[in-house]
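Student: Provided herewith is a single structure, encoded as structure tokens, for subsequent inquiry.
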Amino acid sequence: MATHTLNNGKLKLVVNEAGGCVDSFQYINGFTFDVLRARVNTSNGFAGDSSMFPMLPMANRIRGNQFVWRGHKVVLPVSRAIDDMFFLHGNGWISDWGLLTKNAGDDFLELELTSSIDGVCEYHAKQSYQLCDDALIVTMVLTNLGDDAFPFGAGFHPFFSVQQD
């Protein structure tokens, strides 16, 4: 999958369309410091090896991989390659995202994903990444495309860099 780099001279961010994840996030000031861990395995696009990935349309695990919503039992699919018992962190991090916008100044980009989980929900998601001086601003917008309300959940799963003293 394609990667996209943002660099404003102080910060460098590499975003991967595979999983809509961050491959690396570095602070640069005469030296380079990994704010988030760099991608663990560069030979694959697995978001679990990344610096940070999106969790949607739900985060973590749901007890019994099912829940009752408005009187109806909702059974979540199992992602056997990831976790043989749960729909772990949803499907956003194991889906291919597309580039929506990248500005010429190398400090802003947006990715998007439209997904349908059979019998569960349909949604459109957009992530934006912006470098502002010495700050990274990340936002996610999740829109329900289904006919009925759904209890969506979303978040980011960062892996912070650990430095030896």
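Student: Once amide H atoms are built 1.01 Å from N in the peptide plane, which residues 5 or more positions from D23, or in another chain, come under 5 Å H to H?
Tutor: So D23 has HN proximity to V14, V15, N16, S51.
Student: Order these peptides, 93-105, 139-151, by their mean beta-carbon neighbour count within 10 angstrom, highest first.
Tutor: In descending order of packing, they fall as 93-105, 139-151.
Student: Just to compare against my own numbers: the Cα pair-distance distribution for region 3-158, 10 Å bins, whole % per bin, please.
Tutor: Calculated P(r), rounded to whole percents: 11, 38, 31, 15, 5, 0.
Student: Using the per-residue mean of other Cβ atoms lying within 10 Å as a proxy for protection, in what order, highest first, do the peptides 120-129, 66-75 fall? Walk me through the numbers on the way to the answer.
Tutor: Details: 120-129: 19.5, 66-75: 10.8.
Top to bottom by mean Cβ count within 10 Å: 120-129, 66-75.
Student: Determine Rg/Rh for region 100-147; Rg is computed over alpha-carbon atoms and Rh is the Kirkwood hydrodynamic estimate from the same atoms.
Tutor: Using only Cα positions, Rg/Rh for region 100-147 is 1.14.
Student: Starting from the Kirkwood radius over alpha-carbon pairs of region 3-88, derive D by Stokes-Einstein at 37 °C in a medium of 0.692 mPa s and give it in µm² s⁻¹.
Tutor: Here the translational diffusion coefficient equals 218 µm²/s.
Student: Which FRET efficiency value, to the nearest 0.05, is calculated for E122 and N44 with the Förster distance at 30 angstrom and r the Cβ-Cβ distance?
Tutor: Values: r = 28 Å, r/R0 = 0.93.
E(calc), rounded to 0.05, equals 0.60.
Student: Between A2 and F67, what is the FRET efficiency for a Förster distance of 35 Å, r being their Cβ-Cβ separation, to the nearest 0.05?
Tutor: Numbers: r = 35 Å, r/R0 = 1.01.
So the FRET efficiency works out to roughly 0.50.
Student: Taking only pairs that are 8 or more places apart or on different chains, how many Lys pairs in the chain have Cα atoms under 22 angstrom apart? Show your work: numbers first, answer last.
Tutor: On the way: K10/K102; K12/K102; K12/K126; K102/K126.
So the count of such lysine pairs works out to 4.
Student: Now for a different question. Can you list the HN-Hα couplings for region 122-134, worked out from phi with the Karplus curve (6.51, -1.76, 1.60; θ = phi - 60°), rounded to whole Hz and with x for Gly and Pro?
Tutor: Whole-Hz 3J(HN,Hα) from phi for region 122-134: 10, 8, 10, 10, 9, 10, 10, 10, 9, 9, 10, 6, 10.
Student: Now for a separate question. Mind checking the full-extension length gain between T143 and D106? Use 0.36 nm per residue of separation minus the Cα-Cα distance, one decimal, nm.
Tutor: 10.6 nm
Since every read-out is calculated from the coordinates, none of them should be taken as a lab result. Computed from a predicted model, the values in this text were never measured in an experiment. Ideal geometry is used to build each Cβ from the backbone, glycine not excepted, and the neighbour counts take in all protein chains shown.
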